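J.: For reference, the structure I am asking about is given below.
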Amino acid sequence: MKFSSQLLLLMPLAMGIGIAMTFQTAINSQLREYLYSPFQAALFSFLVGTIVLAFIVFFQSAEKPDLSTFGQIPWFSWIGGCLGVYAISASIYTVPKLGFLTLSGLIIFGQIITSMIVDQFGLLGTDKTPINWQRFLGGVVIFIGVLLTLQR
């Protein structure tokens, strides 16, 4: 990928996801103190998020799907919400034990390894992008970085 004006716009947008995820984990971890379990905190977080999304979709000008559209959705598309429950609940549970830096590093390392596999084989309808030495080395560097964060 070459540097372009679009890339310069997308990079801070993607970094914003990491910023938002860190704040979300911190907030949800605090919420756990009031709601007694990671699942209750995740439920509250998803409930608020669902209300916000419903509001956005309601006022969005995009066409709304009819019921028959839902029957055409591939089976694996239905598990996204379950993966979100796992990600949010596990982060709420693990952040007090690992700390934010180590948790974030492990999340990023898991994303990189999984992304390389998805790209290599073109899984879930994606284009195939072979693993090359640069991509592999990037994963190794991230892993070394995660190991360094374990030192407190």
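The values are calculated or read from the model by the stated rules, or taken from the named source; none is laboratory data. Since the structure is predicted, the reported quantities are computational estimates derived from the model, not experimental observations. Neighbour counts are summed over all protein chains in view; Cβ atoms, including those assigned to glycine, are modelled from backbone coordinates with ideal geometry. Note: accessible area is taken over every heavy atom of the protein model, side chains too, but ligands, DNA and RNA are not part of it. Shrake-Rupley method; radii C 1.70, N 1.55, O 1.52, S 1.80 Å.
J.: Return yes when residue 94 is closer than 25 Å to residue 39 by Cβ, open to solvent by 70 Å² or more (accessible area, probe 1.4 Å) and free of Cβ contacts under 8 Å to residues at least 40 places away in the same chain and no when it is not. Steps first, answer last, please.
T.: On the way: closer than 25 Å to residue 39 by Cβ: yes; open to solvent by 70 Å² or more (accessible area, probe 1.4 Å): no; free of Cβ contacts under 8 Å to residues at least 40 places away in the same chain: yes.
So residue 94 does not fit the description; no.
J.: In addition: Suppose we filter the stretch 24-83 for residues that are in contact (Cβ under 8 Å) with a residue 12 or more places away in the chain, surrounded by 12 or more Cβ atoms within 10 Å (Cβ to Cβ) and either over 16 Å from residue 95 (Cβ atoms) or among the small types (Gly, Ala, Ser) (or both); how many remain?
T.: Of the residues in the stretch 24-83, 7 are in contact (Cβ under 8 Å) with a residue 12 or more places away in the chain, surrounded by 12 or more Cβ atoms within 10 Å (Cβ to Cβ) and either over 16 Å from residue 95 (Cβ atoms) or among the small types (Gly, Ala, Ser) (or both).
J.: Quick one: how many residues across the stretch 1-23 are surrounded by 10 or more Cβ atoms within 10 Å (Cβ to Cβ) and either in contact (Cβ under 8 Å) with a residue 12 or more places away in the chain or not in a helix (DSSP H, G or I) (or both)?
T.: Total meeting the criteria: 3.
J.: If you go through the stretch 117-134 one residue at a time, do you hit one that is open to solvent by 60 Å² or more (accessible area, probe 1.4 Å) and closer than 28 Å to residue 33 by Cβ?
T.: The answer is no, given that none of the residues of the stretch 117-134 is open to solvent by 60 Å² or more (accessible area, probe 1.4 Å) and closer than 28 Å to residue 33 by Cβ.
J.: Here's another thing I want to ask about it. Name, by its number, the condition in (1) over 25 Å from residue 77 (Cα atoms); (2) of a type outside the set (Gly, Ala, Ser); (3) out of contact with any Ser or Thr (no Cβ under 6 Å at 6 or more places or on another chain) that does not hold for residue 102.
T.: Exception for residue 102: condition (3).
J.: To continue, here is another question. How many residues does the stretch 119-152 hold that are closer than 25 Å to residue 96 by Cα and in contact (Cβ under 8 Å) with a residue 12 or more places away in the chain?
T.: Result for the stretch 119-152: 7.
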